[in-house]
1. Could you check the simple spin-label distance between residue 174 and residue 288, using points 7 Å along Cα→Cβ, in nm with one decimal?
2. When a/c reaches 1.5 or more, the comparison of a/b and b/c decides; with that in mind, is the chain rounded, prolate or oblate per its Cα gyration tensor?
3. Around residue 154, what is the net charge, scoring Lys/Arg as +1 and Asp/Glu as -1 over all other residues with Cβ under 12 Å from its Cβ?
4. In percent, how large is the relative contact order of the chain, given Cα pairs closer than 8 Å and 6 or more residues apart?
5. What's the FRET efficiency of residue 218 with residue 272 using the Cβ-Cβ distance as r and R₀ = 35 Å, to the nearest 0.05?
6. If R0 is 35 Å, what FRET efficiency do you get for residue 158 and residue 35 from their C-beta distance, rounded to 0.05?
7. Collect residues whose amide H, placed 1.01 Å from N in the peptide plane, falls under 5 Å from the amide H of residue 313; neighbours closer than 5 in sequence don't count.
8. For residue 134, what residues show an amide H to amide H distance below 5 Å, using hydrogens built from the backbone and excluding near sequence neighbours?
Amino acid sequence: MKILNKVKIYLSPTAFFRVRDIFLLIFDKLGVNEIFRIINKNSFIILFYHGISHRFIKFSQRHVSKIQFEKQIRYLSKKNYKFISLSHLASNFKRLKNSKQKYIILTFDDGFKNVIKNAYPVMKKYNAKGSLYIVSDLIGKDKLLWTDYIELLIRNTNNSKFNFVFNNEIIHYILNSEKQIQSACDDIKHKLRSLSNYERLSHLEQFKMPNNLSSFKYVPIEYIVANWDELRILDRNVLEIGCHTKTHPNLDNLITEQEFYGELIESKLDIERNMGYRVNHLCYPAGVYNDRVIQYVKKFDYLTATTTIEGFNTYKADLFRLKRLQMKNNFILFKAKISGLYFFIKKLVIKVI
């Protein structure tokens, strides 16, 4: 008699996510989310968004629709979470741990204009608070984040092929399907992020990045970042401005003191001059950091820094390694992440596999 020790079921990513969501929905109906919310009540949660759009677009799955965003914020309000800012967290960190209140902080990366247009009114409506991390070199200059520029360049090409020179080798990409287009975008960005900042900038020169966006036949509004006038209208008690560096490099790829000064200090001072208040909060581009990066962040007088590591923060957390929950256009997944059920199931699935 044969004993089957392990059974492996192979599912496509789409099928896997559908099965996952079915289980999450069943658990939610059974009240499991409520149990996990109680279990994790002594943690504070930082949510992580990019853009908030009037529509849902497949833009590297980074934008959440305005309808879904308001649904999420309304849920948090009804569940009696208290919204606080990063400044409030930093100033009251030791005292917050003695509170029985559940705290939520909203964060938005990259400084997209649609956050001001679509998220900010919702935040005021529900007394929500958070930070908008901006890339200072982009503000008011009709420019795109370098990662978005690459994606836009590929998506605006009239050819079915795209060539990229990487370390003196020509790489050919076929662009006959959406899957191939997205794969090319992701691969080029991944390769560029693996380089030192100097090498990354040198490689970007082959793309002939324009001074304005008029050279493109089509620029989705979701790519556009805010300008200083739009940022200055924000109530800092609702949505305060944080720093996302000067040019959005991977900070662990910086080598010289001058590079760190430019990305962490020049950007900070530029934002402070334009906003009229201290900028104390940093978001690591792509969530990448190391001990050396943190030394500079502390040296340059930031009070907090956020990562892209998913999870809850306890009151023993390092304020320069703050975890966040990445939000997507999926309400069932949102509820499971907020409660902590998502992470329990994730660990369970890994153990089973």
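Read-outs throughout are calculated quantities, based only on the coordinates presented, and are distinct from any laboratory measurement. Given the structure is predicted, the values throughout are model-derived calculations rather than measurements. Quick reminder, even Gly has a Cβ in these numbers, built from the backbone with ideal geometry, and neighbours come from all protein chains shown.
1. 2.9
2. On the way: a/c = 1.56, a/b = 1.12, b/c = 1.39.
Oblate is the answer for the chain, as a/c is 1.5 or above yet b/c matches or exceeds a/b.
3. Numbers: positive: 155, 161, 189; negative: 148, 151, 178, 186, 187.
With Lys, Arg at +1 and Asp, Glu at -1, the neighbours total -2.
4. 23
5. Values: r = 35 Å, r/R0 = 1.01.
That gives a FRET efficiency of 0.50.
6. Working: r = 55 Å, r/R0 = 1.56.
Calculated value: 0.05.
7. HN-HN under 5 Å from residue 313: 44, 46.
8. 242, 243, 244
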